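Undergrad: Got a structure for you, questions after.
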Amino acid sequence: MTRQTHHSFCRLCMGHCGVRVSRDEDGRISKVEPDQEDPFTLGYACFKGMQAPEAHNSSERILRPQKRQPDGSFVAIGIEQALDEIAERLTGIRQQHGPGAIGGYKGGGAFFTSSSLMMLNDWLRALGSPKAFSTVTIDQSAKYVTAGRLGIWPAGRDPFHRGEVFLIVGGNPLVSVSTVGFDTRNPAKRLKQAQARGMKLIVIDPRRTETARAADIFLQPLPGEDAVLLAGMLRLILERGWHDQAFCAQYVGDLETLREQLQPFTLEHVAQRTDVPAGHIVAATELFAKQSRRGAATSATGPDMSPHSNLAEHLVELLNVVCGRFIRAGEEVPNPGALLPRWPRKAEVMPAARWWEQGYQSRFQFGLLDGELPTGSLLDEILEPGPEQLRALFVHGGNPALAMPDLSRTVQALTSLELLVTIDHRMTASAELSHYVLPPTLQYERPDLPMFIYESLLFPEPFTRYTPALVSPPPDSELRDDWYYFWGLAKRLGLQLQYWGQALDMTTAPTTDELLRIAAQHCPVSLEDIARHPHGLVLAGPPVLVEPGDPDSPHRFTTMPPDVAAELAAALDGDHSAPGYAYRLAARRERDALNSACRDLPAIRRRLPGNPAWMNPEDMRAENLREGDRVAVESPWGRLETVARVDENLRRGVISITHGFGGLPGRVDPDRDGVSVNLLTSSVSQRQAINAMPRMSALPVNICKLD
Ligand SMILES: Nc1nc2c(c(=O)[nH]1)N[C@H]1C(S)=C(S)[C@@H](COP(=O)(O)OP(=O)(O)OC[C@H]3O[C@@H](n4cnc5c(=O)[nH]c(N)nc54)[C@H](O)[C@@H]3O)O[C@H]1N2
Ligand SMILES: Nc1nc2c(c(=O)[nH]1)N[C@H]1C(S)=C(S)[C@@H](COP(=O)(O)OP(=O)(O)OC[C@H]3O[C@@H](n4cnc5c(=O)[nH]c(N)nc54)[C@H](O)[C@@H]3O)O[C@H]1N2
Ligand code: SF4
Ligand SMILES: [Mo]
């Protein structure tokens with residue numbers, strides 16, 4: 001049998017790992033391996049990425065559009081028929097209720113296809129509906145809120161590869177291959193290289209994670225106390241004079257207000273609240289602020305899923321602000337843009353713009369965050385009667401049934417829709433509730449570019465690459481690249497679709513390469529030139545340096561606007577939802593699953609049979625629990641059942657369960673699918689202002705053994 005091998009890159013997660021893809025003589029995918037010669041990810045790739053042949057060839061893969069029948073079963077129909085029927089139902093809803101009755105939810109699976117990643121947003125815009133939702137607002141949109149309340153340094157933070165220190169609050173990049181500012185191109189190797197040149201790593205996490213084990217200083221606080229901890233660190237910095245005084249004098253407008261508001265966060269109080277010894281807090285703060293002159297603080301989902309998430313994120317960035325950890329005039333911008341247009345970076349502050357206070361406001365008083373409404377308000381949009389009530393929802397590459405807080409209210413909302421359409425290759429919990437399921441091609445069946453909207457987070461240099469489609473879809477399948485479904489519907493609804501600002505021909509469908517060319521419209525080299533470098537290319541040209549700022553600029557960072565000050569005061573006050581609960585439940589991710597995806601592949605099932613409640617061994621003894629005992633976990637908002645397992649890396653007082661498992665109530669087999677942790681979360685209480693971010697970590701819980 002002839003076997004051909006081609007270079008490509010994995011598009012399951014942010015890693016974009018370089019791989020070699022083999023196909024058999026029928027053109028089907030037979031093997032994916034890490035590309036040892038990849039200059040970018042240096043031979044790294046994870047186990048779930050290597051299961052792509054199983055995913056592509058799976059007997060459970062959806063190969064033709066599915067239409068749900070009155071009895072709940074599905075029948076296969078043709079693509080054009082499915083689009084005709086959906087368009088007809090959309091036309092009715094639009095005529096009767098207006099375009100605002102139609103919305104969309106973009107999930108993680110829609111982000112890693114550059115021909116389609118903005119299609120749902122662009123389609124809704126053409127339709128005239130503001131009802132775009134995505135996972136961004138049930139993830140780290142606190143970063144957007146922070147930029148809007150504090151202001152922005154356009155050149156960005158001190159980069160990882162030049163810093164003397166790197167501080168991570170609640171992120172585990174060695175497993176998640178994510179975390180803003182970390183070099184995730186083979187994260188373990190890049191960290192080793194950085195530490196070999198002297199960079200120090202500080203990690204703050206209730207669990208001694210894979211990343212924490214490599215840290216120079218590791219703080220292990222109770223979950224949910226990051227805001228208190230960071231306020232204490234900031235107070236210490238200002239009190240001891242470890243801040244960058246020249247930077248603060250020039251760029252901070254309200255340092256004295258900040259100093260005042262931080263006063264109650266004494267070391268004693270912070271040590272008691274976080275359960276971290278005061279000496280450790282001082283050591284971490286000193287390493288970051290005093291012993292290191294450059295290097296940034298960052299955060300990931302840990303603090304951003306917890307209560308006070310917008311505040312915690314604000315305080316993380318304040319560490320960078322008071323210590324002046326930004327790229328300065330004359331220094332190089334690591335990635336000034338490869339596919340994205342370049343713009344001049346000046347050494348000055350762009351003032352707090354509070355974008356969400358301008359423009360469209362939803363009937364639930366939420367404004368737009370980067371053009372989207374907060375997903376934490378999606379269930380209200382569907383369930384609350386009134387003008388613009390959502391009646392039709394498109395789910396693009398997501399599984400909201402398991403990703404959203406409050407499983408039962410989510411299911412209630414999704415089942416109440418007049419029309420639910422999901423684009424996915426798997427019969428997910430959300431797909432099962434859909435009227436139509438439209439199957440996309442999978443990654444190695446389509447040409448692609450790296451996820452361009454976040455390219456500067458992916459690559460610390462102006463790097464990009466192209467992969468052609470390498471393998472053919474399964475025989476007898478009827479599938480399209482994701483974008484086609486939006487184009488096909490726009491055409492039927494008489495809409496002019498623009499992709500990334502460019503009008504598409506609405507009579508003849510574009511090709512995927514034509515859409516990629518639009519994604520690459522600002523790149524100084526053509527798509528064909530990019531494609532000539534199978535390992536990708538770093539764009540040639542002189543380094544882009546930060547330009548001097550305007551010395552007369554009146555703009556300053558706003559460190560303590562009234563709403564942030566009020567949130568800080570509330571954080572000092574403690575958690576009133578917790579009395580009577582002995583533990584806090586922390587979010588965490590598994591290496592072998594990607595939220596709800598991958599865990600249904602046979603090879604992954606063998607490695608990851610379910611999602612237990614992980615506990616510290618001493619807590620297990622105290623609860624009279626043994627490895628594998630069945631337990632019930634209860635929060636103020638719900639209850640679930642699973643098994644208890646030992647994790648000696650977890651601190652006492654914390655239970656950790658991974659999300660994305662389980663399925664629809666009454667239809668799920670817990671031994672096969674595990675359990676949804678969103679049985680314990682609330683979609684009503686505990687939401688943050690501005691982004692409606694739910695509380696998905698640091699949940700107060702109790703645990704008890706089941707007979
Ligand atoms: N293998 C794998 N990779 C993934 C994913 C996956 O499911 N699997 N998901 C992808 C997605 S969607 C995202 S958003 C990224 C997320 O990337 P990360 O944020 O790095 O994800 P986690 O590995 O869950 O790390 C979060 C850490 O926060 C800690 N934590 C929990 N609560 C708190 C708290 O209150 N305070 C502090 N300080 N820490 C806390 C947890 O113990 C955990 O170690 O990962 C992406 N990559
Ligand atoms: N309790 C709790 N809840 C959480 C979290 C938590 O930590 N705790 N984390 C939150 C976070 S950070 C996130 S990002 C969300 C995740 O929320 P979602 O993104 O909604 O969930 P996923 O399970 O990642 O769903 C991605 C889907 O995309 C599909 N897919 C993969 N590739 C493609 C493709 O090429 N095209 C199409 N059309 N589909 C594709 C996959 O099969 C999968 O079903 O969950 C959130 N929910
Ligand atoms: S870390 Fe794994 S899933 Fe993510 S891009 Fe790399 S191989 Fe793919
Ligand atoms: Mo996420």
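The values are calculated or read from the model by the stated rules, or taken from the named source; none is laboratory data. None of these values were measured; they are calculated from a predicted model. All Cβ positions, even for glycine, are placed from backbone atoms using ideal geometry, and neighbour counts span all protein chains on display. Accessible surface areas use protein heavy atoms only, side chains included; no ligands, DNA or RNA. Shrake-Rupley method; radii C 1.70, N 1.55, O 1.52, S 1.80 Å.
Undergrad: Hey, how much of the P(r) for the stretch 506-559 falls beyond 12 Å, as a percent of Cα pairs? Write out the running numbers ahead of the final one.
TA: Values: 1121 of 1431 pairs.
When all Cα pairs of the stretch 506-559 are counted, 78 percent exceed 12 Å.
Undergrad: Given points 7 Å out from each Cα along the Cα-Cβ axis, report the Gln412 to Asp84 separation in nanometres with one decimal.
TA: 3.9 nm
Undergrad: How much length is gained if the chain between Asp707 and Arg293 is pulled fully straight, taking 0.36 nm per residue apart and subtracting their Cα-Cα distance, in nm to one decimal?
TA: Residue separation times 0.36 nm, minus the Cα-Cα distance, leaves 143.4 nm.
Undergrad: Using the heavy atoms of the protein chains and a 1.4 angstrom probe, tell me the accessible area per residue for the chain in square angstrom. Walk me through the numbers on the way to the answer.
TA: On the way: 26130 Å² over 707 residues.
The answer is 37 Å² per residue.
Undergrad: Here's something else I'd like to know. Compute the signed sum of charges (Lys and Arg +1, Asp and Glu -1) over the other residues within less than 10 Å, Cβ to Cβ, of Ala586.
TA: With Lys, Arg at +1 and Asp, Glu at -1, the net is +3.
Undergrad: Apply the Karplus curve 6.51 cos²θ - 1.76 cosθ + 1.60, θ = phi - 60°, to the phi angles in the stretch 312-319 and return the couplings in whole Hz, x for Gly and Pro.
TA: Couplings: 4, 5, 4, 6, 4, 5, 5, 4 Hz.
Undergrad: Taking Rh as the Kirkwood radius computed over C-alpha pairs, what is the Stokes-Einstein D of the stretch 286-340 at 4 °C in a medium of viscosity 1.567 mPa s, expressed in µm² per second?
TA: Working: Rh = 13.2 Å.
Rounded, D is 98 µm²/s.
Undergrad: Moving to a separate point now. Taking amide H positions as placed in the peptide plane 1.01 Å from N, state which residues far from Thr441 in sequence (5 or more) or on other chains have amide H under 5 Å from it.
TA: For Thr441, whose amide H was placed from the backbone, the distant partners under 5 Å are Arg480, Asp481, Asp482.
Undergrad: Kindly identify the stretch 499-635 as rounded, prolate or oblate by the Cα gyration tensor criterion: order the square roots of the eigenvalues as a ≥ b ≥ c, call it rounded if a/c is under 1.5, otherwise compare a/b with b/c, prolate if a/b is larger, else oblate.
TA: Details: a/c = 2.70, a/b = 1.43, b/c = 1.90.
It is oblate, given that a/c is not under 1.5 and a/b is not larger than b/c.
Undergrad: Output ³J(HN,Hα) for the stretch 34-47: one whole-Hz value per residue in order, computed from phi by the Karplus curve 6.51 cos²θ - 1.76 cosθ + 1.60 with θ = phi - 60°, and x for Gly and Pro.
TA: Rounded to whole hertz, the list is x, 8, 5, 8, 5, x, 9, 9, 6, x, 8, 6, 9, 4.
Undergrad: P(r) for the stretch 148-209, please, calculated from all Cα pair distances in 5 Å bins and given in %.
TA: 4, 17, 25, 26, 16, 9, 4, 0
Undergrad: log₁₀ I(q)/I(0) of the stretch 89-175 at q = 0.15 Å⁻¹, via Debye over equal Cα point scatterers, no solvent, to two decimals?
TA: With one equal scatterer per Cα and no solvent, log10 I(q)/I(0) is -0.83.
Undergrad: While we're on this one: Pull out the extension gain between Glu627 and Tyr454, defined as 0.36 nm times the separation in residues minus the alpha carbon to alpha carbon distance; nm, one decimal.
TA: On the way: separation 173, 0.36 × 173 = 62.28 nm, distance 4.14 nm.
Full extension from Glu627 to Tyr454 adds 58.1 nm.
Undergrad: Moving on. How large a share of the accessible area of the stretch 342-457, in percent, is made up of carbon and sulfur atoms when the probe is 1.4 Å and the other protein chains stay in place? Provide the component values of the computation, followed by the final result.
TA: Details: 1930 of 3680 Å².
In the stretch 342-457, the share of accessible area belonging to carbon and sulfur is 52 percent.
Undergrad: Report the one residue of Gly295, Leu315, Met305 whose Cα lies farthest in the direction of the positive end of the charge dipole of the stretch 202-339 (charges on C-beta: Lys and Arg +1, Asp and Glu -1; origin at the Cα centre).
TA: Highest projection toward the positive end goes to Gly295.
Undergrad: Karplus couplings for the stretch 4-18 from phi (6.51 cos²θ - 1.76 cosθ + 1.60, θ = phi - 60°), rounded to Hz, Gly and Pro as x?
TA: For the stretch 4-18, the Karplus curve yields 10, 10, 10, 7, 7, 9, 6, 10, 8, 9, 4, x, 6, 5, x Hz.
Undergrad: With a ≥ b ≥ c taken as the square roots of the eigenvalues of the C-alpha gyration tensor of the stretch 122-258, please select rounded if a/c is under 1.5 and otherwise prolate if a/b is larger than b/c or oblate if it is not? Working shown, then result.
TA: Details: a/c = 1.69, a/b = 1.17, b/c = 1.44.
It comes out oblate by the Cα gyration axes.
Undergrad: What's the carbon and sulfur percent of the stretch 601-707's accessible surface, probe 1.4 angstrom, rounded to a whole number?
TA: 47 percent
Undergrad: Also, I was wondering about something else. Once amide H atoms are built 1.01 Å from N in the peptide plane, which residues 5 or more positions from Arg584, or in another chain, come under 5 Å H to H?
TA: Val654, Ile655, Val701
Undergrad: By average Cβ neighbour count within 10 Å, what is the ranking of 175-187, 546-558 from highest down?
TA: Values: 175-187: 23.1, 546-558: 15.2.
Highest to lowest by the protection proxy: 175-187, 546-558.
Undergrad: Regarding the chain, what whole-number volume in Å³ per residue does the convex hull of its Cα atoms give? Mind dumping the intermediate values first?
TA: Numbers: hull volume 110.2 nm³, N = 707.
About 156 Å³ per residue, rounded to a whole number.
Undergrad: Taking a threshold of 24 Å on the Cα-Cα distance, which of the pairs Lys106/Lys346; Lys31/Lys192; Lys106/Lys192; Lys200/Lys290; Lys106/Lys143; Lys48/Lys200 fall above it?
TA: Values: Lys106/Lys346 33 Å; Lys31/Lys192 29 Å; Lys106/Lys192 35 Å; Lys200/Lys290 13 Å; Lys106/Lys143 19 Å; Lys48/Lys200 30 Å.
In this structure, Lys106/Lys346; Lys31/Lys192; Lys106/Lys192; Lys48/Lys200 exceed 24 Å between Cα atoms.
Undergrad: Hey, another quick one. Which value results for Rg/Rh of the stretch 358-408 when Rg is the Cα radius of gyration and Rh the Kirkwood radius based on the inverse mean 1/r?
TA: On the way: Rg = 11.7 Å, Rh = 12.2 Å.
Looking at the stretch 358-408, the ratio lands at 0.96.
Undergrad: Let me ask something else. Are there trypsin sites (Lys or Arg not before Pro) in the stretch 582-627 that DSSP puts in a loop and that have at most 12 other Cβ atoms within 10 Å, and which ones? Before the final figure, lay out each step's value.
TA: Working: sites: Arg584, Arg588, Arg589, Arg591, Arg599, Arg605, Arg606, Arg607, Arg621, Arg626; in loops: Arg588, Arg589, Arg591, Arg599, Arg626.
Those that pass, being in a loop and sparsely packed, are Arg626.
Undergrad: Based on Cβ point charges of +1 for Lys and Arg and -1 for Asp and Glu, what charge dipole magnitude is obtained for the chain about its Cα centre, in debye rounded to the nearest 20?
TA: On the way: 74 positive and 85 negative charges, 177 e Å.
Dipole of the chain, to the nearest 20 debye: 860 debye.
Undergrad: State the antiparallel share, in %, of DSSP beta bridges confined to the chain, rounding to the nearest 5.
TA: On the way: 43 of 80 bridges.
Around 55 percent antiparallel, to the nearest 5.
Undergrad: Oh, and also: Name all residues of the stretch 210-246 having a backbone nitrogen under 13 Å from the label point set 7 Å from the Cα of Val282 along its Cα→Cβ direction, giving them as ranges.
TA: In the stretch 210-246, the label zone of Val282 (backbone N under 13 Å from the point 7 Å along Cα→Cβ) covers 236-237, 240.
Undergrad: Sticking to Cα atoms, compute the Rg of the stretch 617-659 to one decimal and its Dmax as the biggest Cα-Cα distance, whole number, in Å.
TA: 10.5, 28
Undergrad: For a label point 7 angstrom out from the Cα of Ser472 toward its Cβ, which stretches of the stretch 19-38 have the backbone nitrogen within less than 16 Å?
TA: Taking a point 7 Å out along Cα→Cβ of Ser472, the residues of the stretch 19-38 whose backbone N falls under 16 Å are 23-30.
Undergrad: Take the chain, mark every one of the GluC sites (Glu not before Pro) that falls in a DSSP loop and has at most 13 other Cβ within 10 Å, then report the longest stretch left between them, sites excluded. Kindly include the intermediate steps, with their values, before the conclusion.
TA: Values: sites that count: Glu25, Glu37, Glu60, Glu627, Glu648.
Value returned for the longest uninterrupted segment is 61-626.
Undergrad: For the stretch 579-662, max minus min Cα coordinate along each principal axis, in Å, sorted largest first?
TA: Principal extents (largest minus smallest coordinate, Cα): 39, 26, 20 Å.
Undergrad: Would you calculate a helix-derived [θ] at 222 nm for the chain, using -39,500 (n - 2.57) for each DSSP H run of n ≥ 4 and dividing by the full residue count, to the nearest 500?
TA: Numbers: 25 runs with 204 residues, N = 707.
Rounded to the nearest 500, the figure is -8000 deg cm²/dmol.
Undergrad: Compute the length gained on full extension between Glu634 and His6: take 0.36 nm times their separation in residues and subtract their Cα-Cα distance, giving the result in nm to one decimal.
TA: That pair, Glu634 and His6, stretches by 221.1 nm at full extension.
Undergrad: Would you grab the residues whose amide H sits under 5 Å from the one on Asp629? Only those 5+ places off in sequence or on another chain, please, with H modelled 1.01 Å from N.
TA: Ala644
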